[in-house]
């Protein structure tokens, strides 16, 4: 990976496992990491507590949490009164685009990151999309990220004056959840600080049976790492 | 232009001359127009009064005004305590990217439009960028719009499942301000409802000497149309 040599980078920090690992990856190659999180009307807004913990853990002093209202559009189990699907077989998750897809969410998040980058300044952006996530979400696929980067280089002052210098980094893109965890452990990530669940209780305990919990559980199992998650699942 | 045949379209409606003309163009080809405006911390937020008037004028019943805070990033004369440049020679406007460029603004606006489009649903979007505006703003250039459209088709459910059906329409892209005004007059646009000024007073009267006012004045003069704008300029 390209070395950051103390260049600024903005990372989209959800408070989940992937974005926490992404911070570690960005710091490992020398970037000066700034974190951006969103209170967007997500049902699992307690993940922002995790984002604050993760930012603190990594010594990130510049962490912005932006309020935007994606609940006004709805259209997702995460931002509307639609139940989060629960399952118990991680190898048989529903096909197609999940109902937990939030309309244009990553496009909006990355657009805000671009705006911040223009003034920070930063032309390097990290997002923790990975091989498992992008199986269903259109805005987690490499083709989308590449297209966003191309657009960003045409639509911003930094991109135009810097001759296409904007880079969207996706260090986890080709990793399984187990590989991400193994990598994160080596980099000193404390996954006990993170929350992946789409439907946690108000203490942040995980449901254990949403897609995100199932993938997380499987990842820890396959990585041979003790899962530090507190689950409320009683099944 | 492709006929809309009563398909939904979302138009970015600022309340200015261009977006008002864009509504007329969209309706002229048969689109069922929904309007999206933003209270983004712009110094000329009175333009939103014009947006409401324009929406009403065109019988748009679905007009959303979204609150987002781009003042938290600043970096522009429109969203920070930076003076709006004033000039008196429209043929000698400053070169390069103007200080009135708002970081990643059109990217953010179009991203919200995509989110709304996912649930409305709408896959047609209109933005009133034009030949004069994009001379300086990176996010008004055709290359940016094309790249945004490509990105949108990869990053949204509608784009993926609809096999690249998302279209960003820019009917004014190749028109001068005078041509836009001539076209709008023919389509029945009441430009007296619109506000283009970057630095109006609190009644909506235009300063008469910002770049936007100068281009607007020149457009009316070249089109041979009486300029209905109320200017506060006393020079």
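Derivation of every value follows stated rules applied to the coordinates shown; laboratory data play no part. In this text, all values refer to a predicted model and were calculated from it rather than measured experimentally. As a convention, Cβ positions derive from the backbone with ideal geometry for all residues, glycine included, and neighbour counts pool all protein chains shown.
Starting with the highest mean, order A:29-38, B:157-166 by the number of other Cβ atoms within 10 Å, averaged over the residues of each peptide.
Working: A:29-38: 21.5, B:157-166: 17.2.
Averaged packing, sorted descending, gives the order A:29-38, B:157-166.
Between the beta carbons of residue B:163 and residue B:6, assuming R0 = 22 Å, the FRET efficiency works out to 0.55 to the nearest 0.05.
Both radii come from the Cα set of the protein assembly as shown: Rg as radius of gyration, Rh as Kirkwood radius; their ratio Rg/Rh reads 1.00.
As a test, work out the antiparallel percent of DSSP beta bridges whose residues both lie in the protein assembly as shown, rounded to the nearest 5. Expressed as a percentage, antiparallel bridges in the protein assembly as shown total about 5. The orientation-averaged shadow of the Cα convex hull for segment A:111-160, equal to a quarter of the hull surface, comes to 3.4 nm². Sorted shortest first, the distances from the residue A:69 label point to those of the same residue in the other copies are 1.4 nm; each point sits 7 Å from Cα along Cα-to-Cβ.
Tell me, what is the Rg over Rh of chain B, with Rh the Kirkwood radius over Cα pairs?
Working: Rg = 16.9 Å, Rh = 17.9 Å.
Reported Rg/Rh, Kirkwood definition of Rh: 0.94.
Against chain A, whose longest principal axis is taken from its Cα atoms, helix A:177-186 shows a tilt of about 70°. For labels at residue B:230 and residue B:203 in the simple 7 Å Cα→Cβ model, what's the distance in nm? Calculated label separation equals 0.5 nm. Averaged over the residues of peptide B:73-84, the number of Cβ atoms from other protein chains lying within 10 Å of each residue's Cβ is 2. Helical runs (DSSP H, four residues minimum) scored at -39500 (n - 2.57) apiece and divided by the length of the protein assembly as shown put the mean residue ellipticity at 222 nm at -10500 deg cm²/dmol.
Within 10 Å, count the other beta carbons around each residue, average over each peptide in B:169-178, B:120-129, B:62-71, and list them highest first. Can you show the working numbers first?
Details: B:169-178: 20.1, B:120-129: 23.0, B:62-71: 16.8.
Descending mean neighbour count gives B:120-129, B:169-178, B:62-71.
Shielding of peptide B:140-146 by partners, expressed as the average count of other chain Cβ atoms within 10 Å per residue Cβ, is 4. Relative contact order for chain A: 23 percent, from Cα pairs under 8 Å spaced at least 6 residues apart, divided by residue count.
Using just the Cα positions, wrap segment B:116-198 in a convex hull and report its mean projected area in square nanometres, one decimal place. Average projection, Cα convex hull of segment B:116-198: 6.8 nm².
Have a look at the DSSP beta bridges in chain B and tell me what percent are antiparallel, nearest 5. Present the calculation step by step, with values, prior to reporting the outcome.
Numbers: 1 of 18 bridges.
Within chain B, antiparallel bridges account for around 5 percent of the total.
Segment residue A:72..residue A:185, full-extension length gain: 36.9 nm, with 0.36 nm per residue of separation and the alpha-carbon distance subtracted. Put in line by how crowded their Cβ is, counting other Cβ atoms within 10 Å and starting with the fewest, A:218, B:167 read B:167, A:218.
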